[in-house]
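The values are calculated or read from the model by the stated rules, or taken from the named source; none is laboratory data. Please read all numbers here as calculations on a predicted model, not as lab measurements. Areas reflect the complete protein model, heavy atoms only, side chains present, ligands, DNA and RNA absent. Shrake-Rupley method; radii C 1.70, N 1.55, O 1.52, S 1.80 Å.
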Amino acid sequence: MGEQPIYSTRAHVFQIDPNTKKNWLPTSKHAVTVSYFYDSTRNVYRIISLDGTKAIINSTISPNMTFTKTSQKFGQWADSRANTVYGLGFSTEHHLAKFAEKFAEYKEAARLAKEKSQEKMEMATSPSQESPGGELSSPLTPVTPPMENINGTDEMCDTTPNSDARPEPAQNALAFAHREQFKPCRVCSF
């Protein structure tokens, strides 16, 4: 059966400027059809939009994607595979809400499909073997979080513990006994 459209709407399409990572660049001169597609052979959901014959969006929905409403009629999502952030401007709040609702629905379906395919792969490759359990850290063991990507940009936020941090006042020592101090991030002031 292949790939079929399952929901369509109209919107103005934008992409984040790859140089500044701040400004939106219009990729359509007017509102265009933006569609969700489902590929039953590969069990994949995609967002596709054409401006004439040119594909201006070709984004495979993955479980880690998030669609964010940034205003009453505008929403965006980052696509790490395409290395871009897409933005959609809708004519009404209702159209934006419906698109966001479908995004969440198909993202969940993509997550379930991924889990199912991983289970099949595990059963096919090692049906009689049990996978070794990962190490668990105790609640008192400090865990160093990874570098965090900020707002889909290349700017990184360093959240590693800061050994030079000022100690907490003594009267708060109990409340902060298990909390770590982190270096402030130059990007997000975290």
Which of Lys69/Lys107; Lys22/Lys102; Lys69/Lys114 have a Cα-Cα distance over 23 Å?
Lys22/Lys102; Lys69/Lys114
Using a 1.4 angstrom probe with every protein chain in place, what is the largest-first accessible-area order of Thr84, Thr92?
Thr92, Thr84
Could you pull the Rg and Dmax for the stretch 5-118, using just the Cα atoms, both in Å?
13.7, 41
Using Cα pairs closer than 8 Å and at least 6 residues apart in sequence, work out the relative contact order for the stretch 5-118, in percent.
24
Compute the Rg to Rh ratio over the stretch 16-70 from the alpha carbon atoms, using the Kirkwood formula for Rh, and round to two decimal places.
1.01
